[in-house]
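Shown next, in structure tokens, is the structure this report addresses.
The values are calculated or read from the model by the stated rules, or taken from the named source; none is laboratory data. Values in this document were obtained by computation on a predicted structure and should not be read as measured data. Methodologically, a virtual Cβ is constructed for each residue, glycine included, from the backbone with ideal geometry; neighbour enumeration extends over all protein chains shown.
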Amino acid sequence: MFQALGDWVAYSLLGLSPESHLGQAVQFFVMDTAKIFFLLVVIIYVMGLLRAMVSPERVREYLRGKPVWLQRALAITLGAITPFCSCSSIPLFIGFVEAGIPLGVTFSFLIASPMINEVAVVLLATIVGWKIAVLYVIAGMVVAWFGGIILQKMKPERWVEEYVWKIHMGETPAIEQDTSLAGRHRFAMQEVKEIVGRIWKWVLAGVALGALFHGFVPQSWVSEHLSGGDWWSVPAVVILGVPLYSNATGVVPVVEALLSKGVPLGTTLALMMSIAALSLPEMLILRKVIKLPLIARFVAVLAVSFIVVGYLFNFLEHLI
């Protein structure tokens, strides 16, 4: 259905040639835009129905008092399935600190939350297959688990801003949500409006970038520069991904275009992780609650982790 729409707009409505670079780029853009926004609305609405009883306060209270390993596992899982955006990271960070949850567990949540979410996973599976989607989720969870442990070993408490320790989130009562069917419907519709309204421009930017790459970058150039598995390619894409602010959903079309041109799986996943979890805006938001030395260590741990993931999956791709 979506491919037929792309074909009709590019080749029938606009009269472009299927053999031209512009025709292929336009067809890719229309097809992926329609597919991604359709899936976005459906998935966010369905998850919104289930999330009506989830709030940052409930997350904090549920984690309080659990063993550290269980806190970490729950934090990573919640980070992967909850809709908390970067603007929620500050109150969540403060709330976790007030609840006595180790900072390493909080960082595991902060790593998993932007990098893994059910919308991006379903989109990734729909576009490039469940095999790659599952590999991405596993890699993201491993990075979140060990990244949090490594950061905890660095005794990060000394780099948390003073005011964070003085705020008591527990003094603010949690807002009860309407859990009736009608209430859940309203909540789900609000989720669709809020999340799609927040990310639509990044999705369009990602699709446009993927379309340009798909239509205008020759296969021969990709084979010569990116598909050879040169040692520098993985660190290069991780560095490249930092200023390219987007989210995991918006970068999926870029992943599709890269893989279709023969870019190695590990290199592609490393770029996706870097764009999703190491954006400059997120670092600026985190700067409000943690000091620069800890931000530098946070970035370094993730960058090294993504490079290792890239090398590992490039190696495994040759064995499969």
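Among the residues of the stretch 301-317, some residue qualifies, meaning at least one is surrounded by fewer than 22 Cβ atoms within 10 Å (Cβ to Cβ), assigned to a helix (DSSP H, G or I) and acidic (Asp, Glu). Taken over the stretch 258-270, the criterion of being of a type in the set (Gly, Ala, Ser), surrounded by fewer than 24 Cβ atoms within 10 Å (Cβ to Cβ) and in a helix (DSSP H, G or I) is satisfied by 260 alone. Please verify whether residue 103 is at pLDDT 80 or above and farther than 28 Å from residue 257 by Cβ, treating the condition exactly as stated. It is true that residue 103 is at pLDDT 80 or above and farther than 28 Å from residue 257 by Cβ.
Of the residues that sit in the stretch 106-130 and are part of a helix (DSSP H, G or I) and β-branched (Val, Ile, Thr), which one is surrounded by the fewest Cβ atoms within 10 Å (Cβ to Cβ)? Step by step, filter the stretch 106-130, then rank; the result is 126.
The numbered conditions (1) under 22 Å from residue 140 (Cβ atoms); (2) among the polar types (S, T, N, Q); (3) at pLDDT 80 or above are all true for residue 27 except (1). Identify, please: which residue in the stretch 75-100 is outside any helix (DSSP H, G or I) and in contact with a Leu (Cβ under 7 Å, 6 or more places away or on another chain) and is, among those, modelled with the highest pLDDT? Among residues in the stretch 75-100 that are outside any helix (DSSP H, G or I) and in contact with a Leu (Cβ under 7 Å, 6 or more places away or on another chain), the one modelled with the highest pLDDT is 99. Cβ contacts < 7 Å: first residue assigned to a loop (DSSP other than H, G, I, E, B), restricted to the stretch 13-40; second residue surrounded by fewer than 18 Cβ atoms within 10 Å (Cβ to Cβ), any location; separation 6+ or different chain. Result? Cβ pairs passing all conditions: 16/22; 18/11. Considering (1) surrounded by 14 or more Cβ atoms within 10 Å (Cβ to Cβ); (2) at pLDDT 85 or above, say which one residue 15 fails and leave the rest. Among (1) surrounded by 14 or more Cβ atoms within 10 Å (Cβ to Cβ); (2) at pLDDT 85 or above, the lone unmet condition for residue 15 is (1).
Listed here are the residues, each with its yes/no results for (1) closer than 29 Å to residue 41 by Cα; (2) over 12 Å from the mean Cα position of the chain (by Cα); (3) modelled with pLDDT of 85 or more.
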{"position": "121", "(1), (2), (3)": "yes, no, no"}
{"position": "134", "(1), (2), (3)": "yes, yes, yes"}
{"position": "146", "(1), (2), (3)": "no, yes, yes"}
{"position": "149", "(1), (2), (3)": "no, yes, yes"}
{"position": "165", "(1), (2), (3)": "no, yes, no"}
{"position": "171", "(1), (2), (3)": "no, yes, no"}
{"position": "181", "(1), (2), (3)": "yes, yes, no"}
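Every test in (1) modelled with pLDDT under 75; (2) of a type in the set (A, V, I, L, M); (3) under 30 Å from residue 18 (Cβ atoms); (4) not in a loop (DSSP other than H, G, I, E, B) is passed by residue 195 save one, and that test is (3). Residue count for the stretch 223-254 satisfying the condition of being closer than 23 Å to residue 25 by Cβ and modelled with pLDDT of 80 or more: 1.
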